[in-house]
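> My structure is below; once you've seen it, I'll send some questions.
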Amino acid sequence: MELNTLAQFLVVARLEHLSRAAEELHVAQPSLSRSIARLEGELGTPLFDRAGRLRLNDAGKLFRDHVERALGELDAGRRAVAETTGEGFGTVRLASETFLTFTAPLAAFRRAHPEIEVELRQLPVEEMGRRLRAQEVDLCVASQPIPAEGLESARLFDDPVGIGVAFDHPLAGRASVRVEDLADEPFVSTSPGHWQRRLLDRLFAARDLTPRIVCEVDELSAIAELISVGLGIGLVPGYARRVASRLAAAWIPVDSPDSRRTVTLSWWTGAHLPSAARLMRAAITDWDWTTGTR
């Protein structure tokens, strides 16, 4: 099996669409289709279901996991050799659900280590474990547990999550609100799977309620803007409220001990962490998340 064919397979497996994969890979679609067919021939089984839309089947998912780990080990070996021979200062690849609250520590890291290249990737938490095991990323920051084994995590901070409302909203003057007080309010929230949406659904479900969501958007700065102009209310973490000066809205604590998030930094224990990643890990874990300084 050729490495190029395996790399092409991973793109097709991720997109589950031949023409989009061919466009991303800058190859002709017929050529890509033949490569995938040859790979399936070597394995002796189809990797995709082709009834209607292209779908990765169970054999394909199993093979994908092994290919990701194999190519990840090769890339890790390349990085380790470059680090040993002093060719370059290294790269660290950090993934997070959002980087809105991490601009200050990232800026401080770049000032302290200008020789290190930093790659940032926004990922849903469901992707983080797989990307860590495949060594496509070195570190992941999440506001909810990452569903994967073999990870080690460090707690960064525990954060109260309140309600953001426009200044002229009837709730704006309240010292706190109960979840029951929000039953009929229109919510601006993230899509299902994001920590913010999961927390919202969990808070309401515990009281046999369903939130009335009028807008779904995963760009947290856009959520803040929509709240500030009165298009709805929404969950806003306390740390984001402190660092996001553009939040022109009132922040109200929720009268529930469950209205919180715990932010953690995770890495995979099955691989040697490059020195650049170790420096980034230390910078993030040593950051004073209370005062916003190291």
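Every read-out reported here was derived from the displayed coordinates using simple, explicitly stated rules and does not represent laboratory data. Keep in mind it's a predicted model, so treat the numbers as computed, not measured. Don't worry about glycine lacking a Cβ; one is built from the backbone with ideal geometry, like all the others, and counts go over all protein chains shown.
> At 7 Å along Cα-to-Cβ for each site, give me the label-to-label distance between ALA76 and LEU62 in nm.
2.3 nm
> State, as an integer percentage, the relative contact order of the range 159-260 based on alpha-carbon contacts under 8 Å between residues 6 or more apart. Don't skip to the answer; put the middle values down first.
Details: 183 pairs, mean separation 51.0, N = 102.
Across the range 159-260, relative contact order equals 50 percent.
> Let me ask another. Can you find, among LEU151, GLY238, ALA104, the residue sitting farthest towards the positive end of the charge dipole of the chain, where Lys and Arg contribute +1 and Asp and Glu -1 at Cβ?
ALA104
> Between ALA175 and VAL229, how many nm apart are label points set 7 Å from Cα along the C-beta direction?
3.5 nm
> Step by step: find N for the range 3-66, compute 2.2 N^0.38 Å, then divide the Cα radius of gyration by it. What's the final number? Don't jump to the answer; show the numbers that get you there.
Working: Rg = 10.6 Å, N = 64, 2.2 N^0.38 = 10.7 Å.
So the range 3-66 has a normalised radius of gyration of 0.99.
> Then there is this: What relative contact order, as a whole-number percentage, does the range 3-66 give when Cα pairs under 8 Å and 6 or more residues apart are counted? If you can, show how the numbers build up before the last one.
Numbers: 50 pairs, mean separation 19.5, N = 64.
For the range 3-66, the relative contact order is 30 percent.
> Mind putting a number on the dipole of the chain about its Cα centre? Charges go on the C-beta only, +1 for Lys and Arg and -1 for Asp and Glu, and I need it in Debye to the nearest 20. Before the final figure, lay out the partial values.
On the way: 35 positive and 41 negative charges, 30 e Å.
Result for the chain is approximately 140 debye, rounded to the nearest 20.
> With Rg/Rh (Cα atoms, Kirkwood Rh) in mind, check (i) 1.03; (ii) 1.05; (iii) 1.86 and report the label derived from this structure.
(i)
> Next question, about the same structure. Relative to the Cα centre, what is the charge dipole magnitude of the range 159-260, using +1 at the beta carbon of each Lys and Arg, -1 at the beta carbon of each Asp and Glu, and rounding to the nearest 20 debye? Show your work: numbers first, answer last.
Working: 11 positive and 14 negative charges, 57 e Å.
The calculated dipole for the range 159-260 is roughly 280 debye.
> If a/c stays under 1.5 just call it rounded; otherwise compare a/b with b/c (prolate if a/b is bigger, oblate if not). Do that for the range 81-169, with a ≥ b ≥ c from the square roots of the Cα gyration tensor eigenvalues.
On the way: a/c = 2.79, a/b = 1.54, b/c = 1.81.
Oblate.
> Let me ask you something else. From the helices alone, meaning DSSP H stretches of at least four residues, give me the mean residue ellipticity at 222 nm for the chain, per-run term -39500 (n - 2.57), in deg cm²/dmol to the nearest 500. Display every interim value, and only then the final one.
Numbers: 10 runs with 121 residues, N = 294.
Helix-only estimate at 222 nm: -13000 deg cm²/dmol.
> When the chain is fully extended, how far beyond the present Cα-Cα distance does SER221 get from ASP208, taking 0.36 nm per residue of separation?
Details: separation 13, 0.36 × 13 = 4.68 nm, distance 2.98 nm.
My answer for the length gained is 1.7 nm.
> Measuring from centroid to centroid over Cα atoms, what is the spacing of the range 55-76 and the range 87-131 in Å?
Between the Cα centres of the range 55-76 and the range 87-131 lies a distance of 24 Å.
> Between THR264, ALA250, ALA283, whose Cα lies farthest towards the positive end of the dipole of the chain when Lys and Arg beta carbons carry +1 and Asp and Glu beta carbons carry -1, centred on the Cα centre?
Highest projection toward the positive end goes to ALA283.
> Which whole-number percentage describes the relative contact order of the chain, with Cα contacts under 8 Å and a sequence gap of 6 or more? Walk me through the numbers on the way to the answer.
Numbers: 463 pairs, mean separation 62.8, N = 294.
After rounding, I find 21 percent.
> Extending each Cα 7 Å along its Cβ direction at GLU117 and ASN4, get the distance between those two points in nm, one decimal.
2.2 nm
> Once the convex hull of the C-alpha atoms of the range 144-294 is built, how many Å³ does it hold per residue, rounded to a whole number?
On the way: hull volume 19.0 nm³, N = 151.
Hull volume over Cα atoms, normalised by residue count, gives 126 Å³.
> What dipole magnitude, in Debye to the nearest 20, does the range 3-66 give about its Cα centre under +1 on Lys/Arg Cβ and -1 on Asp/Glu Cβ?
120 debye
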